[in-house]
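The values are calculated or read from the model by the stated rules, or taken from the named source; none is laboratory data. Keep in mind the model is a prediction, meaning the values are calculated, not measured. We place every Cβ from the backbone using ideal geometry, glycine too, and count neighbours over all the protein chains shown.
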Amino acid sequence: MAEIVRMPKLGTTMTEGTIIRWLKKEGEEVKQGEPLLEIETDKVNLEEEAPASGILRKILVPEGAVVEVGKEIAVIGSADEPLPEIGRPEIGGEEKESEGASSGIKEQKAPESEIPGKVKASPAAKRVAREHGVDLKMVTPTGPGGRIVEKDVLAFVERRKLRATPVARKMAEEKGIDLSMIEKPEGERITKRDVLEAAGAARAAEPEGK
């Protein structure tokens, strides 16, 4: 009997997840417990295992889609058995609100790439960017559909740290300054002066009396 794969609940507060990538293609054999796809929540990225062995007969949800917990995302079964009555959910600007709600996939009135000034980024990428003061417009995306994922932001942060001069790195360590918080145009190095300015700004931001 065919096994329906559903969006799992990976945490007590999780209500939806983003399918980052499928690790198997339609028609490929999968084994129970084998990594089937990569899912992103607002906190972590995890690989979800196949719930059964067989052939990945149908992928119902494409990479990059945001899906509610419990909704159908794929079907695993034998090569010759009939598939359950599940159609591929539609996503796009012409989808009606009622149809979007029943499919469990968030309605997209317009592709993010067509919204002026809009940067496509995963929830985890946005969180890391906030923590390190990174402008997402400066990050090179590697995710599906030109989407910025967490590893893109982390790589940007590391590159920014490496652009500091040796003196700047030493001074930043002494003064407790996070080099990833200092913004510089691409190609320019972080200098001693930049660290001193950041240290001065940090002192000015401290509450009086400290």
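Numbers for the structure displayed
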read-out: Selected residue (criterion: modelled with the highest pLDDT) from residues of segment 121-135 that are part of a loop (DSSP other than H, G, I, E, B) and surrounded by fewer than 19 Cβ atoms within 10 Å (Cβ to Cβ); value: 135
read-out: Segment 160-186 - residue that is under 30 Å from residue 42 (Cβ atoms), out of contact with any Gly (no Cβ under 9 Å at 6 or more places or on another chain) and at pLDDT below 75 and, of those, surrounded by the fewest Cβ atoms within 10 Å (Cβ to Cβ); value: 186
read-out: Hits in segment 23-47 (condition: surrounded by fewer than 19 Cβ atoms within 10 Å (Cβ to Cβ) and out of contact with any Lys or Arg (no Cβ under 9 Å at 6 or more places or on another chain)); value: 23, 24, 25, 28, 29, 31, 32, 33, 44, 46, 47
read-out: Residues being within 20 Å of residue 137 (Cβ to Cβ) and modelled with pLDDT of 80 or more - total across segment 187-210; value: 1
read-out: Matching entry among 94, 85, 107 (being surrounded by 14 or more Cβ atoms within 10 Å (Cβ to Cβ), of a type outside the set (A, V, I, L, M, F, W, C), at pLDDT below 80 and part of a loop (DSSP other than H, G, I, E, B)); value: 107
read-out: Test: residue in segment 14-23 that is small (Gly, Ala, Ser) and either over 18 Å from residue 126 (Cα atoms) or out of contact with any strand residue (DSSP E or B) (no Cβ under 7 Å at 6 or more places or on another chain) (or both); value: no
read-out: Residues located in segment 1-23, provided they are of a type outside the set (A, V, I, L, M, F, W, C) and not in a loop (DSSP other than H, G, I, E, B); value: 3, 6, 16, 17, 18, 21
read-out: Residue match in segment 155-171 (condition: within 16 Å of residue 21 (Cα to Cα) and in contact with a helix residue (DSSP H, G or I) (Cβ under 7 Å, 6 or more places away or on another chain)); value: no
read-out: Filtered residues of segment 136-149 (kept if in contact with a Gly (Cβ under 9 Å, 6 or more places away or on another chain) and either charged (D, E, K, R) or part of a loop (DSSP other than H, G, I, E, B) (or both)); value: 137, 143, 147, 149
read-out: Single match in 54, 70, 17, 64 (criterion: loosely packed, with under 14 Cβ neighbours inside 10 Å and either closer than 30 Å to residue 130 by Cβ or not assigned by TED's automatic domain parsing to the domain that holds residue 144 (or both)); value: 70
